[in-house]
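Student: Next up is a structure, given as structure tokens.
The values are calculated or read from the model by the stated rules, or taken from the named source; none is laboratory data. In this text the structure is predicted, and so the values were computed from the model without any measurement. Cβ: placed from backbone, ideal geometry, glycine included. Neighbour counts: every protein chain shown.
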Amino acid sequence: MSVTKITTKEFDQMVQAAAVVLQNNAEFINSLNVFPVPDGDTGMNMSLSFASGAKYVAKESQPTVGAKAAALAKGLLMGARGNSGVILSQIFRGFAKNVEGKADLNATEFTAAITAGAKTAYNSVMKPTEGTILTVIRFAANAGRKKAAQTDDLGKVSDAIKKGAQTALKQTPDLLPVLKQVGVVDSGGQGLTFVLEAFADILNNREPSDDVHAKFNVEANKMDEMVKKSDHASAQGQLNPDDIVYGYCTQMTVRFGKGKEYKDPFDYDHFYDYLAPLGDSLLVINDDEVAKVHIHTEQPGKVLAWGQNFGDLINIKIDNMREQQESIMENDEQSDDSEPQAPASEPAAPAVEMAVIAVVAGAGLEKLFKSLGVTKIISGGQTMNPSTEDIVKAVNATNAKHVLVLPNNKNIFLAAEQAEDLTDVPMKVVHTKTIPQGLTAMFSYNPEASLADNQTAMDDSLDTVKSGQVTTAIRDTKIDDLEIKKGNFMGIIDGQIQVIASSLDEAAVQMTKKMLDADSENVTIIYGEGATQADAQKVEDSAAAVDDELEIEIHAGNQPVYPFIISVE
């Protein structure tokens, strides 16, 4: 049976399907990332950005597509990361404005909204470049409009939109020489194509594909060659870091009218015109409350200082893209060695002013910390405490003038503090006892501030977060009048066992409810070994039932020992 209207039911399904497909394909999208700079994070940025949008949609209770689309746009704005995430947010901002007030959408209205999204995205970019996500959305919109003029079947129209995107994606190497040079399609365009494919699957009553190899290239044999190489080398590794003109990817969100440095009411043109000469890839998007900024620059300090004139800063992220590229090339060179090699000393890292080291266990947690600006990870944590020597080696390997260390476990404090006396590099320990405290501390990190000021600011932020961990009892015992049996699940809040339950879900739900109070605003759920995303969703649903105004995020941390790590701020 054909679909002729997109109601809130279909829209919800479309958004959730796209979020899952982006998450499943994030690593592949990362591997294609060579434009505008080869920073290798497009997949993660698009996935996290869209996941934020999906959460806002899930919370929106108004039964109209217009309201749901507005929620998606708001969530994308608040969660937008990187160049690709910001442009994705602009596509759906234009989409939302076009469908404002509409209860549902027919084929013509749907394609008009896609077209409006394309126009908004083009207008948001200082120098629109063809061969990118912009080309893909434009082709997709054109194909959709043509099909909607012939039929009201949204399944057929959405398939036309998908095919238009695929056609444009195949052409991106011909439009951007750097893509053809390394034999890949545009990474942002690939991510958007995944989104539009997921939409088409829902509107055709198909199961969304989990295939992470839905890859397109105008030169199929060249793509095949690249895919074979991708087992040990990335597309980014073929590019020279010296070719990056503006080396610091700088992102911030400005909350209007807040903060001690606030001076001026926000005016878009005035705000934008100051930033434009400071770099390239500039994107500024805003609503009545905040402005989201993305720019590649050599002067991140000036960007941050300018933002403070209009309000306080949140979600600050600064990445040294030259350093990222050098690391990619070093990893690829090591992977290319087909013959066994004798152990060699690790190549010296590029000299940097400030580095942050975090002790973390779990691939997902490592990515999360690095996305917040952590320079180096020491693998460890509960039951796997690194030694003082491990920390000293990590500090020296950063080649930084100053180093901050996040132990993320109180059992590591002593080893970290001893390292201060054993290295010539000035270093400070931020006394993070838990993973949630470590994540919170990174939001107070300012690479432009001094070592001492950073330590003070990051330590001071730790009181704002409650940390919860769920683990399994390994023996019968009694603690603080709690009878604990071997195999019970324990909920530990800020170091104290406060919940005993027979099931994982029950322990996580009860613990989270105990952590919530009237001042709670944000909940982060990190599931690890022994838990699933479905388990995490149950925890989210229980928290939302307590307070539907909570901002709730779910991340796959892959951590051992604790199936759940949960924070409340």
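Student: Given the structure, is Gly117 crowded, with 24+ Cβ neighbours inside 10 Å, modelled with pLDDT of 90 or more, among the small types (Gly, Ala, Ser) and in contact with a Phe, Trp or Tyr (Cβ under 7 Å, 6 or more places away or on another chain)?
Tutor: Working: crowded, with 24+ Cβ neighbours inside 10 Å: yes; modelled with pLDDT of 90 or more: yes; among the small types (Gly, Ala, Ser): yes; in contact with a Phe, Trp or Tyr (Cβ under 7 Å, 6 or more places away or on another chain): yes.
Answer is yes for this residue.
Student: Return yes or no: is Gln498 assigned to a strand (DSSP E or B) and either assigned by TED's automatic domain parsing to the domain that holds Leu48 or touching a residue at least 24 places away in the same chain (Cβ under 8 Å) (or both)?
Tutor: Values: assigned to a strand (DSSP E or B): yes; either assigned by TED's automatic domain parsing to the domain that holds Leu48 or touching a residue at least 24 places away in the same chain (Cβ under 8 Å) (or both): no.
In short, no.
Student: Let me ask another. Of the conditions (1) in contact (Cβ under 8 Å) with a residue 40 or more places away in the chain; (2) within 23 Å of the chain's Cα centre (by Cα); (3) surrounded by 20 or more Cβ atoms within 10 Å (Cβ to Cβ), Ala508 clears all except one; give me its number.
Tutor: All conditions pass for Ala508, except number (2).
Student: Do the conditions hold for Asp541, that is, is it assigned to a helix (DSSP H, G or I), surrounded by 13 or more Cβ atoms within 10 Å (Cβ to Cβ) and of a type outside the set (A, V, I, L, M, F, W, C)? Walk me through how you get there before you give the answer.
Tutor: On the way: assigned to a helix (DSSP H, G or I): yes; surrounded by 13 or more Cβ atoms within 10 Å (Cβ to Cβ): no; of a type outside the set (A, V, I, L, M, F, W, C): yes.
Against the criterion (assigned to a helix (DSSP H, G or I), surrounded by 13 or more Cβ atoms within 10 Å (Cβ to Cβ) and of a type outside the set (A, V, I, L, M, F, W, C)), Asp541 does not qualify.
Student: Applying the selection to region 411-452, what residues are of a type in the set (D, E, K, R), farther than 18 Å from Gly373 by Cα and at pLDDT below 90?
Tutor: As a first pass, look at region 411-452 and keep what is of a type in the set (D, E, K, R): 417, 420-421, 424, 428, 433, 448.
Still in the running and farther than 18 Å from Gly373 by Cα: 417, 420-421, 424, 433.
Matches in region 411-452: Glu417, Glu420, Asp421, Asp424.
Student: Looking at (1) part of a helix (DSSP H, G or I); (2) under 26 Å from the mean Cα position of the chain (by Cα), which one does Ala143 not meet, given that it meets all the others?
Tutor: (2)
Yes or no, residue by residue, for (1) in the same structural domain as Ile493 (by TED's automatic domain parsing); (2) farther than 27 Å from Ile314 by Cβ; (3) hydrophobic (A, V, I, L, M, F, W, C):
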{"position": "Leu516", "(1), (2), (3)": "yes, no, yes"}
{"position": "Ile525", "(1), (2), (3)": "yes, no, yes"}
{"position": "Asp535", "(1), (2), (3)": "yes, yes, no"}
{"position": "Asp548", "(1), (2), (3)": "yes, no, no"}
{"position": "Glu553", "(1), (2), (3)": "yes, no, no"}
{"position": "Val561", "(1), (2), (3)": "yes, yes, yes"}
{"position": "Phe564", "(1), (2), (3)": "yes, no, yes"}
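Student: Determine if region 69-77 includes at least one residue that is in contact with an Asp or Glu (Cβ under 6 Å, 6 or more places away or on another chain) and assigned by TED's automatic domain parsing to the domain that holds Ala149. Quick ask: steps written out before the conclusion?
Tutor: Quick first cut of region 69-77, residues in contact with an Asp or Glu (Cβ under 6 Å, 6 or more places away or on another chain) only: 71.
Retained after the next criterion (residues that are assigned by TED's automatic domain parsing to the domain that holds Ala149): 71.
The answer is yes, given that some residue of region 69-77 is in contact with an Asp or Glu (Cβ under 6 Å, 6 or more places away or on another chain) and assigned by TED's automatic domain parsing to the domain that holds Ala149.
Student: If you go through region 261-296, how many residues are of a type in the set (D, E, K, R), farther than 25 Å from Ser371 by Cα and without any contact (Cβ under 8 Å) to a residue 40 or more places away in the chain?
Tutor: The initial filter retains those residues of region 261-296 that are of a type in the set (D, E, K, R), namely 261, 263-264, 267, 269, 273, 280, 287-289, 292.
In the following step, the residues that additionally are farther than 25 Å from Ser371 by Cα were identified as 261, 263-264, 267, 269, 273, 288.
Those left that are additionally without any contact (Cβ under 8 Å) to a residue 40 or more places away in the chain: 267, 269, 273, 288.
Adding up the residues that qualify gives 4.
Student: Quick one: is Thr167 in contact with a Phe, Trp or Tyr (Cβ under 9 Å, 6 or more places away or on another chain), in the same structural domain as Asn98 (by TED's automatic domain parsing), more than 16 Å from Gly94 (Cα to Cα) and not in a helix (DSSP H, G or I)? Lay out the reasoning, then the answer.
Tutor: Values: in contact with a Phe, Trp or Tyr (Cβ under 9 Å, 6 or more places away or on another chain): yes; in the same structural domain as Asn98 (by TED's automatic domain parsing): yes; more than 16 Å from Gly94 (Cα to Cα): yes; not in a helix (DSSP H, G or I): no.
No; evaluated as a whole, the condition is false for this residue.
One line per residue, one yes/no per condition, for (1) of a type in the set (Val, Ile, Thr); (2) exposed (fewer than 15 other Cβ atoms within 10 Å of the Cβ):
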residue	(1), (2)
Asp267	no, yes
His270	no, yes
Ser281	no, no
Asp287	no, yes
Lys292	no, no
Val303	yes, no
Ile318	yes, no
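Student: Another one. I'd like to know if region 217-233 contains one or more residues that are at pLDDT below 80, farther than 22 Å from Ile91 by Cβ, surrounded by 18 or more Cβ atoms within 10 Å (Cβ to Cβ) and in contact with a Ser or Thr (Cβ under 8 Å, 6 or more places away or on another chain).
Tutor: Yes, because at least one residue in region 217-233 is at pLDDT below 80, farther than 22 Å from Ile91 by Cβ, surrounded by 18 or more Cβ atoms within 10 Å (Cβ to Cβ) and in contact with a Ser or Thr (Cβ under 8 Å, 6 or more places away or on another chain).
Student: May I ask you to list the residues in region 144-161 that are surrounded by fewer than 24 Cβ atoms within 10 Å (Cβ to Cβ) and closer than 28 Å to Leu48 by Cα?
Tutor: Scanning region 144-161 gives Gly155, Asp159, Ala160.
Student: Just checking, does region 172-193 include any residue being in a helix (DSSP H, G or I), among the polar types (S, T, N, Q), within 28 Å of Asp269 (Cβ to Cβ) and touching a residue at least 12 places away in the same chain (Cβ under 8 Å)? Explain how you work it out, then say what you get.
Tutor: Initial filter on region 172-193 (in a helix (DSSP H, G or I)): 172-175, 177-182, 187-193.
Still in the list and also among the polar types (S, T, N, Q): 172, 181, 187, 190, 193.
So of that shortlist, the ones also within 28 Å of Asp269 (Cβ to Cβ) come out as none.
Within region 172-193, none of the residues are in a helix (DSSP H, G or I), among the polar types (S, T, N, Q), within 28 Å of Asp269 (Cβ to Cβ) and touching a residue at least 12 places away in the same chain (Cβ under 8 Å).
Student: Applying the selection to region 122-143, what residues are touching a Leu at 6+ places or on another chain (Cβ under 8 Å) and either buried (at least 20 other Cβ atoms within 10 Å of the Cβ) or under 13 Å from Thr111 (Cβ atoms) (or both)? Before you say what the answer is, go through the steps one by one.
Tutor: If we filter region 122-143 for residues that are touching a Leu at 6+ places or on another chain (Cβ under 8 Å), which is where we start, we get 122, 124-126, 128-133, 135-137, 140.
Within region 122-143, Ser124, Gly131, Thr132, Ile133, Thr135, Val136, Ile137, Ala140 meet the criteria.
Student: Could you tell me whether Leu365 is at pLDDT 90 or above and part of a helix (DSSP H, G or I)?
Tutor: On the way: at pLDDT 90 or above: yes; part of a helix (DSSP H, G or I): yes.
Criteria met by Leu365.
Student: In region 302-324, which residues are closer than 22 Å to Met458 by Cβ and in a helix (DSSP H, G or I)?
Tutor: Initial filter on region 302-324 (closer than 22 Å to Met458 by Cβ): 303-305, 307-308, 311-320, 323.
Those that are closer than 22 Å to Met458 by Cβ and in a helix (DSSP H, G or I): Val303, Leu304, Ala305, Gly307, Gln308, Glu323.
Student: For region 27-103, please list each of the helices (runs of 4 or more DSSP H) lying entirely inside it that holds at least 3 residues being at pLDDT 95 or above. If you could, list the steps in order and put the result at the bottom.
Tutor: Numbers: elements: 42-59, 65-79, 82-98.
Passing ranges, in order: 65-79, 82-98.
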